[in-house]
Amino acid sequence: MIDLCEIKYCDRPFEIKKDYADWLKERRDIFRENVRTNKTLHLTMITPFGLAKGKYESCVQGCVTAADLFQ
């Protein structure tokens, strides 16, 4: 398994919208093609306040917050 991390700063929970979800999936596919791996790829967001609940939050498999980093 490979975690592909995307880091975003926002002063509130980060909301993933359709165009951004599509962009993340495209980047994942580009990574898979260039690295030529069959491993499972997980999208992981690193953001200070986590993810906002929404229709596209399920496009990422993990989330790391500032609190997680400084425990």
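In the chain, the DSSP-assigned H stretches of four residues or longer account for a calculated mean residue ellipticity at 222 nm of -9500 deg cm²/dmol, using -39500 (n - 2.57) per stretch and the full residue count as denominator. Across the accessible surface of the chain, with the other protein chains kept in place and a 1.4 Å probe, carbon and sulfur atoms take up 51 percent. Residues of segment 26-42 with the amide nitrogen closer than 15 Å to a label point 7 Å from the Cα of M1, along Cα-to-Cβ, please. Within reach of a label on M1, which here means backbone N under 15 Å from a point 7 Å along Cα→Cβ, segment 26-42 contributes 39-42. Compute the Cα gyration tensor for the chain, then decide on rounded, prolate or oblate, letting a ≥ b ≥ c be the square roots of its eigenvalues: rounded whenever a/c is under 1.5, prolate when a/b is larger than b/c in the other cases, and oblate in all that remain. Note, shape of the chain comes out oblate.
Per residue, the chain exposes 74 Å² of solvent-accessible protein surface, assessed with a 1.4 angstrom probe and all protein chains in place. Reachable lysines from K17, Cα under 26 Å, same-chain residues fewer than 8 places away excluded? Excluding near neighbours in sequence, the set is K8, K25, K53, K55. Ordered by 1.4 Å accessible area with all protein chains kept, F31, F14, F70 run largest first as F70, F31, F14.
Extension gain for S58 to K18 (0.36 nm times residue separation, less C-alpha to C-alpha distance): 13.3 nm. Under the criterion of Cα pairs below 8 Å and six or more residues apart, the relative contact order for the chain equals 42 percent.
The values are calculated or read from the model by the stated rules, or taken from the named source; none is laboratory data. Note that the structure is predicted; figures quoted are calculated from it, not measured. Positions of Cβ are generated from backbone atoms using ideal geometry, with glycine treated the same way; all protein chains shown enter the neighbour counts. These accessible areas exclude ligands, DNA and RNA; they are computed on the full protein's heavy atoms, side chains included. Shrake-Rupley method; radii C 1.70, N 1.55, O 1.52, S 1.80 Å.
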